[in-house]
1. Let me spell it out: the conditions are (1) among the basic types (Lys, Arg); (2) closer than 30 Å to residue 67 by Cβ; (3) under 17 Å from the mean Cα position of the chain (by Cα), and residue 246 meets all of them except one. Which number is the exception?
2. Return a yes/no flag: does the range 235-247 have any residue that is closer than 24 Å to residue 106 by Cα, in contact with an Asp or Glu (Cβ under 7 Å, 6 or more places away or on another chain) and surrounded by fewer than 17 Cβ atoms within 10 Å (Cβ to Cβ).
3. In the list 281, 274, 196, which residue meets the criterion of being surrounded by fewer than 14 Cβ atoms within 10 Å (Cβ to Cβ) and not in a helix (DSSP H, G or I)?
4. When the residues of the range 35-48 are filtered to those that are farther than 16 Å from residue 258 by Cβ and surrounded by 11 or more Cβ atoms within 10 Å (Cβ to Cβ), which remaining residue is modelled with the lowest pLDDT?
5. Could you run through the range 171-193 and say how many residues are closer than 30 Å to residue 130 by Cβ and surrounded by 10 or more Cβ atoms within 10 Å (Cβ to Cβ)?
6. I'd like the residue in the range 68-100 that is among the β-branched types (Val, Ile, Thr) and buried (at least 18 other Cβ atoms within 10 Å of the Cβ) and, out of all such residues, is nearest to the chain's Cα centre (by Cα).
7. Starting from the range 269-282, keep only residues that are under 14 Å from residue 213 (Cβ atoms), then list their pairs with residues that are of a type in the set (Val, Ile, Thr) and surrounded by fewer than 16 Cβ atoms within 10 Å (Cβ to Cβ) whose Cβ atoms are within a distance under 9 Å, requiring at least 6 positions of separation or different chains.
Amino acid sequence: MTDTAAPATLRRTLVRDQAGPSPDSRVGGRRRRLTPGTPVPGRVVIGPLVLLGVWAAGSGLGLLDPRILPSPWSIVATGADLVDKGTLQRDLLVSLVRAATGLALGLVAGIVLALVSGLTRLGEVAIDGPVQVKRAIPSLALIPLLILWFGIGEWMKIITIALGVLVPIYLHTHNGLRSIDSRYVELAETVGLSRSAFVRRVILPGALPGFLLGLRFAVTGSWLSLVVVEQVNATSGIGYMMTLARAYGQIDVIFVGLAIYAVFGLLSDTAVRSLSRKALSWRRTLAD
């Protein structure tokens, strides 16, 4: 081996060692898989169904005290009775309207603030600090102040939900806007894109993954805020139904409310994840 070939061989060896084994490496004659594996159909509901099965088995075997944890079938019977009386659907409709209205307001406010803060330095100076302050203050701590400002009516509840939605939308969208690779900026300048075209064709599509991730947190945040506001000076809604049931010791009604929150939270999160997969179908990730 010549003197010039030796350093080249050494460099190739070092690069190979630092890079680690290739994705196509084989162990025991079989190709080693580095991904989590093939997605399981219905994987979102498998975990809750297993938990429900364990709960039902424990109740059926008498291992669970019905005064502490009622059986699933007794909760279903209680829910059916509430539907027959018409109270469940009335309270559910009120809760859905509150959650949807607060979510819509929070989305609009979070997106606008993220765009102003993410696309301009002056906007970041004026907006980012106050949003970080709100992030550090729980929504529950703001309720007494919001009651003084807006009373105990619907606007107080909707604004509380909107504030719970605004923060995750702002944070993730702002991060998506500021995480655009600087090489795209250089490329846009090279081809002569205007600022508006650059924002429309590069910045906004590049920030979409961050926005959709924030949307998942925002949807969950809307339900969490709804739980809080409906148990504070409310006269309707699922939370009010649960508060009334607590006063009368109706633990099965409380579990009906918890089941509704859980089901709608899971359905909304699943819908956002499905939307993300369709909107970001051009990306290949480990979730595929």
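The values are calculated or read from the model by the stated rules, or taken from the named source; none is laboratory data. Just so it is clear, the structure is predicted and the values come from calculations on it, not from any experiment. Reconstructed Cβ throughout: ideal geometry from the backbone, glycine too, with neighbour counts over all protein chains shown.
1. Every listed condition holds for residue 246 apart from (3).
2. Within the range 235-247, the subset closer than 24 Å to residue 106 by Cα is 235-240.
Checking the rest, the ones that are also in contact with an Asp or Glu (Cβ under 7 Å, 6 or more places away or on another chain) come to 236-240.
Cutting the leftovers down to surrounded by fewer than 17 Cβ atoms within 10 Å (Cβ to Cβ) gives us 236.
Yes, the conditions are met somewhere in the range 235-247.
3. Exactly one of 281, 274, 196 is surrounded by fewer than 14 Cβ atoms within 10 Å (Cβ to Cβ) and not in a helix (DSSP H, G or I), namely 281.
4. Ranking the qualifying residues of the range 35-48, first place goes to 44.
5. To start, the set of residues in the range 171-193 that are closer than 30 Å to residue 130 by Cβ comprises 171-182, 184-185.
Those still in the list that are surrounded by 10 or more Cβ atoms within 10 Å (Cβ to Cβ) too: 171-181, 184-185.
Result for the range 171-193: 13.
6. 94
7. From residues that are under 14 Å from residue 213 (Cβ atoms), the pairs are 269/44; 273/44.
Here's the yes/no breakdown for (1) small (Gly, Ala, Ser); (2) in contact with a Lys or Arg (Cβ under 8 Å, 6 or more places away or on another chain):
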| position | (1), (2) |
| --- | --- |
| 173 | no, no |
| 192 | yes, no |
| 200 | no, no |
| 215 | no, no |
| 254 | no, yes |
| 269 | no, yes |
